[in-house]
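Please treat every number below as a calculation from the coordinates, not as lab data. Everything numeric in this text was worked out from a predicted model, so none of it was measured. Backbone-built Cβ (ideal geometry, glycine too); neighbour counts: all protein chains shown.
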Amino acid sequence: MSDILTVTLNPALDMSSSVDHVRPEDKLRCDVPDLDPGGGGINVARAIKALGGKARAFVALAGYRGQQFAELLAEEGVEAVGFRIEGETRLSLAVIDRSDGQQFRFVMPGPKWSPEDAFRALETIRAVTPKGGYVVLSGSQPPGVPLHFPTQLAAVVDEAEARLVLDTSGAALKALMDVGSARQHVLRLDGAESDMLAGRPLTSLEEVAGFAQSLVHRGVAEVVVLALGAKGSILAQDGRCWHAVTPEVPVKSKVGAGDSFVGAFTLALSCGADWDQALAQGVVAASAAVMSDASNLCRPGDVAALSDQVNLRLL
């Protein structure tokens with residue numbers, strides 16, 4: 001198994017609870033909340049651990065909530081590379097309305113970075129990047145981090161002969177389209193991100209596959225994975241496209257599904273799996289994650305049960 005490092009620039013202390021009804025103006029009496037360390041790369045590392053693998057987690061931490069965050073990671077046995085920053089680690093609140101099962105998610109802002117913070121972060125990551133391994137950059141970028149940070153990180157990862165798996169969004173994702181230099185090994189997008197980059201809704205598997213291949217041909221990434229929610233995911237690589245999907249599963253919470261995908265996908269690659277098999281493992285983990293409560297990730301038992309039911313085909 002190749003070593004894996006996950007990178008989380010904008011972590012969140014995830015608080016989840018339930019209430020009888022969500023109504024305006026009323027004082028809502030919630031259940032005792034669960035607290036989990038969250039944010040893209042952190043959840044990827046936690047998913048990898050849940051599936052029997054191991055990943056180190058580079059994470060930017062600030063203030064009192066940053067201390068809580070570090071303690072929760074230690075309790076879970078996730079090895080962390082802490083990076084201190086001024087301010088306060090953000091809080092994410094998820095509340096389920098028990099009357100109809102709807103989930104409401106509120107995300108607070110995190111610290112604002114300086115250019116010096118971003119430079120220090122890159123140098124720290126450079127020092128801990130596993131030679132010949134995998135680096136996963138997942139989650140949003142904090143304000144102040146240069147838009148081209150993912151491309152700068154790709155160059156650092158390339159120096160170590162490692163491979164970068166990128167799952168980002170917003171302006172940083174748009175900026176990738178204009179760079180054309182150090183490219184990502186793998187780029188993962190969800191449906192909304194794909195539509196945004198394409199400039200139109202992608203309504204069929206053929207359209208999604210064609211757009212994924214166009215990103216590969218443009219040199220944005222060697223491999224592009226487009227997530228389709230309950231319809232699975234598509235992977236494009238070197239002229240080939242695969243589609244993987246599981247049977248419909250009961251949905252309890254969609255929090256962490258994408259991170260579970262990236263965790264299982266990267267773990268499979270690190271163990272030598274081919275692209276199609278890594279895609280299948282990622283889709284299974286994503287489906288397993290939505291079957292779990294609150295901000296819980298994929299559970300090994302659900303992953304094992306779904307592994308024999310995944311439908312994988314070459315488009």
Checklist entry - So what J values fall out for the stretch 148-160 if you push phi through Karplus, 6.51 cos²θ - 1.76 cosθ + 1.60 with θ = phi - 60°, rounded to Hz, Gly and Pro as x? => result 8, 3, x, 5, 4, 5, 4, 5, 4, 5, 5, 4, 8
Item to check | Restricting the stretch 99-181 to trypsin sites (Lys or Arg not before Pro) in coil, as DSSP defines it, with at most 11 other Cβ within 10 Å | outcome: Lys131
Next on the checklist: Can you compute 3J(HN,Hα) from phi for each residue in the stretch 98-104, using the Karplus curve 6.51 cos²θ - 1.76 cosθ + 1.60 with θ = phi - 60°, rounded to whole Hz and x for Gly and Pro?
Outcome noted: 5, 5, 9, x, 6, 10, 10
Checklist entry - With the calculation restricted to Cα positions, what are the radius of gyration and Dmax of the stretch 175-242 in angstrom? => result 11.0, 34
Checklist entry - In the chain, if every C-alpha pair distance is counted and binned at 10 Å from zero, what percent goes to each bin? => result 6, 28, 36, 24, 6, 0
Checklist entry - Hey, which lysines would be in cross-link range of Lys54, C-alpha to C-alpha under 25 Å, not counting anything within fewer than 8 residues on its own chain? => result Lys131, Lys254
Next on the checklist: If I build a Gaussian network model for the chain, linking alpha-carbon pairs within less than 10 angstrom, which residue out of Asp158, Asp100, Asp20 has the largest mean-square fluctuation?
Outcome noted: Asp100
Checklist entry - Which chymotrypsin sites (Phe, Trp or Tyr not before Pro) does the stretch 1-108 hold that lie in a coil by DSSP with at most 15 other beta carbons within 10 Å? => result none
Checklist outcome for this item: Taking alpha-carbon centroids only, the stretch 267-315 lies from the stretch 98-155 a number of Å equal to 24 Å
Item to check | Loop-located trypsin sites (Lys or Arg not before Pro) in the stretch 1-98, at most 16 other Cβ atoms within 10 Å (DSSP) | outcome: Lys27, Arg29, Lys54, Arg98
Checklist entry - Taking the alpha-carbon set of the stretch 48-193, what are its Rg and Dmax in Å? => result 16.5, 53
Checklist entry - If you average the sequence gap of Cα pairs under 8 Å that are 6 or more apart and divide by the length of the chain, what percent do you get for the contact order? => result 16 percent
Checklist outcome for this item: Of the residues Leu73, Ser92, Met1, the Cα lying farthest along the dipole of the chain towards its positive end, which is defined by charges on the beta carbon of Lys, Arg, Asp and Glu, belongs to Met1
Checklist entry - Say a site is exposed when it is one of the GluC sites (Glu not before Pro), sits in a DSSP loop, and has at most 15 other Cβ atoms within 10 Å; what is then the longest site-free stretch of the chain? => result 162-247
Checklist entry - Which distance in nm do the two modelled labels at Gln67 and Arg29 give, with both placed 7 Å along the Cα-to-Cβ direction? => result 3.3 nm
Item to check | Sequence-distant residues sharing a close amide H with Ala12 (under 5 Å, placed H) | outcome: Gly38, Gly39
Next on the checklist: For Val135, what residues show an amide H to amide H distance below 5 Å, using hydrogens built from the backbone and excluding near sequence neighbours?
Outcome noted: Leu5, Arg163, Leu164, Val165
Checklist entry - Counting only DSSP beta bridges with both residues in the stretch 4-314, what percent are antiparallel, rounded to the nearest 5? => result 40 percent
